[in-house]
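Remarks on the structure that follows.
The values are calculated or read from the model by the stated rules, or taken from the named source; none is laboratory data. If you're wondering where the values come from, they're calculated on a predicted model, not measured in any experiment. Positions of Cβ are backbone-derived with ideal geometry, glycine not excepted, and every protein chain shown enters the neighbour counts. Note: areas computed on protein heavy atoms with side chains; ligands, DNA, RNA excluded. Shrake-Rupley method; radii C 1.70, N 1.55, O 1.52, S 1.80 Å.
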Amino acid sequence: MLIIAGPTASGKSALALALAQRLGGTVINADAMQCYAELRTVTARPSPADERLAPHRLYGVRAATEPANAAWWRQAALQEMEACAL
């Protein structure tokens, strides 16, 4: 597992996509707002074309009316990591 962290607009998504393509990996979202389906435009979520280049998880999986917090994300991310390892 690789964790990419950094400030907003520093190129984390592009780096994650490049690494996922090169290593055959999966990008698991950790952005608190990108998990909401209705917020694609205002959160700089990867484009549908980028999402087709490598598996992307936890993007747009919640309705804006559903609260998401660190505990929810932790459980969802662990499930995604387990699924990727299979």
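Would you mind computing, in nm to one decimal, how far apart the modelled labels at ARG22 and GLU82 are, each placed 7 Å from Cα along Cα→Cβ?
If labels sit at ARG22 and GLU82, their model points lie 3.1 nm apart.
With all protein chains present, how much of the accessible area of the chain (probe radius 1.4 Å) comes from carbon and sulfur, to the nearest whole percent?
Carbon and sulfur atoms account for 58 percent of the accessible area of the chain.
Calculate, for the chain, the solvent-accessible area per residue in square angstrom, rolling a 1.4 angstrom probe over the heavy atoms of the protein chains.
Per residue, the chain has 69 Å² of solvent-accessible surface.
Accessible area, 1.4 Å probe, largest first: how do GLU38, GLU80 sort?
In descending accessible area the options line up as GLU38, GLU80.
How large is the helix-only mean residue ellipticity at 222 nm for the chain, computed as the sum of -39500 (n - 2.57) over DSSP H runs with n ≥ 4, divided by its residue count, in deg cm²/dmol to the nearest 500?
-12000 deg cm²/dmol
Accessible area of LEU23, 1.4 Å probe, to the nearest 10 Å²?
Roughly 120 Å² of LEU23 is accessible to a 1.4 Å probe.
Relative to the Cα centre, what is the charge dipole magnitude of the chain, using +1 at the beta carbon of each Lys and Arg, -1 at the beta carbon of each Asp and Glu, and rounding to the nearest 20 debye?
Dipole about the Cα centre, nearest 20: 140 debye.
Kindly report, to the nearest 10 Å², the accessible surface of VAL42 as traced by a 1.4 Å probe over protein heavy atoms only.
The value for VAL42 is about 120 Å².
With every protein chain present, what accessible area does MET33 have (1.4 Å probe, heavy atoms only), rounded to the nearest 10 Å²?
Roughly 90 Å² of MET33 is accessible to a 1.4 Å probe.
Taking just the alpha carbons, could you work out the radius of gyration and Dmax for the chain, both in angstroms?
So, for the chain, Rg and Dmax equal 12.5, 36 Å respectively.
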